[in-house]
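Here the structure is laid out as structure tokens; the discussion comes afterwards.
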Amino acid sequence: MLNLEVFKQRIFSKEKMRKVNLFETSNFFCDLYCLVPGQSQKPHKHDEADKIYYVLEGEAIIQVGKEEQVCSAGQMVLAPAGEEHGVRNGGRGNLTLLVIMAPNPNVRKTS
């Protein structure tokens, strides 16, 4: 069993949003997204995977489809498969998100 202290895994960079992989299996992944004020993840979509954004600290502006929501610590948003989604740091402080995606799009399917 792997036990992580999540907040100790945070890495912030002025150059770009940072993604820190916490866990990954063939079924899902769980990342930590770390954004300084003004940084964003450009809108994109995954045709076959759902994504959950859970705000740990800061203020996130999360887009799913054509809708945007302002979310703070303790709030979460679902981006269903096929829906365009993205996030930006809309606050004055750092933004940390726990991001879970399933099925894992990094795993190639075999048939």
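Per the listing C30, C34, the residue uniquely in a strand (DSSP E or B) and touching a Ser or Thr at 6+ places or on another chain (Cβ under 6 Å) is C34. The conditions of being touching a residue at least 60 places away in the same chain (Cβ under 8 Å) and buried (at least 17 other Cβ atoms within 10 Å of the Cβ) are met by C34. Among the residues of region 1-31, those that are among the basic types (K, R) and surrounded by 11 or more Cβ atoms within 10 Å (Cβ to Cβ) comprise R10, K16, R18, K19.
Sort out which residues of region 45-66 are assigned to a strand (DSSP E or B) and either more than 24 Å from P103 (Cα to Cα) or hydrophobic (A, V, I, L, M, F, W, C) (or both), and write them in order of number. Listed by number, the residues that qualify are I52, V55, L56, E57, E59, A60, I61, I62, V64.
When region 67-85 is limited to residues that are outside any loop (DSSP other than H, G, I, E, B) and surrounded by fewer than 18 Cβ atoms within 10 Å (Cβ to Cβ), the one that is farthest from the chain's Cα centre (by Cα) turns out to be E67. Looking only at residues of region 57-66 that are touching a Cys at 6+ places or on another chain (Cβ under 9 Å) and of a type in the set (A, V, I, L, M, F, W, C), we find that the one that is surrounded by the fewest Cβ atoms within 10 Å (Cβ to Cβ) is I61. Note on region 14-27: residues that are assigned to a strand (DSSP E or B) and free of Cβ contacts under 8 Å to residues at least 12 places away in the same chain total 1. Of the candidates K45, K19, K51, the single residue that is touching a Leu at 6+ places or on another chain (Cβ under 8 Å) and under 16 Å from L78 (Cβ atoms) is K51.
Every number here is computed from the coordinates shown, using simple stated rules; none is lab data. Given the structure is predicted, the values throughout are model-derived calculations rather than measurements. Methodologically, a virtual Cβ is constructed for each residue, glycine included, from the backbone with ideal geometry; neighbour enumeration extends over all protein chains shown.
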